[in-house]
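Just so it is clear, none of the values below were taken in a lab; they were calculated from the coordinates. None of the values given here were measured: they were computed from a predicted structure. Every residue, glycine as well, gets a Cβ built from its backbone with ideal geometry; the counts of neighbours run over all protein chains shown.
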Amino acid sequence: MEVQKHPHHVMHKKKWTEYLLEFFMLFLAVFLGFLAENFREHQVEKERGKNYVESFYEDLKADTSRIPFYIDFDDVKLTALKNLSTCYDSVSKKLTNSCMLEMIKVSALNRPFKITERTLNQLSNAGGFRLLPGQDADSILAYQNGFNGFEDFQLTAFQQAQDKVRSSFDLLVNFNANVQMFKPDGNRIGLNFDDKDVTNPVLFSSDAALLNQYFNELLLYYRATYNHQKRLLELKEQQGRLIGYFKNRYNFK
């Protein structure tokens, strides 16, 4: 039986240039994929950064709408406390102590201002500042640092000035008059009462030194309130500048 012979297949031998071309094509495909993925991630981070800025912008607008209330609250205090010298003369000379009622009302409590920290906390905790353009990040950090200094003032000097007034008040004021001053359903600043509600003598003690101490502490509180309002006004101006900056930069509404 005759066996049919098959011809030998000649294997094609690649040249080194073909290996080089295949390597180059593979490298190019991987490199272009890397560039595309890097571009996509950059676009995603850029969009996230813009979302942070817009969220901060909305927080700023909310804070700007609230801050006038705190400025006006301080203004009522300052208007009354301007009469400290006249009131002290009247009380110390035992002419009348009715002027003390207004002083007591306006020094009864502070209203510390707090900014909206929703976006600031996200930027800090999630490392979001790295997603922002340098000028944007610097502007937001400067605002945050400025407020932190203001908040320290509110928690220390401003609050301590009122604490001192309260301590002297407790020693100086007649308990029965104090009871008449407290009306929780009122809507006036500080203690909620009308002058006609207080029928008992305001002063429990006739101690001249204690009275002098109380008015000195009211004077310190007056100065602290003045500085508090001044800082509020400066903060409001800074908020306005930042709103204008981000509105023009990103065409926000």
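Of all residues in segment 200-253, count the ones that are loosely packed, with under 12 Cβ neighbours inside 10 Å and not in a helix (DSSP H, G or I).
Of the residues in that region, 4 qualify.
For the subset of segment 156-184 comprising residues that are among the charged types (D, E, K, R) and part of a helix (DSSP H, G or I), which member is surrounded by the most Cβ atoms within 10 Å (Cβ to Cβ)?
Among those residues, the one meeting the criterion is Lys164.
Can you find even one residue in segment 187-199 that is part of a helix (DSSP H, G or I) and closer than 14 Å to Ala108 by Cα?
no
Write out, first by first residue and then by second, each pair whose Cβ atoms fall under 7 Å of each other, whose residues are 6+ apart or on separate chains, and whose first residue, in segment 159-177, is closer than 9 Å to Glu217 by Cα while the second is of a type outside the set (Ser, Thr, Tyr) and not in a helix (DSSP H, G or I).
Listed pairs, sorted by first residue: Gln162/Asn110.
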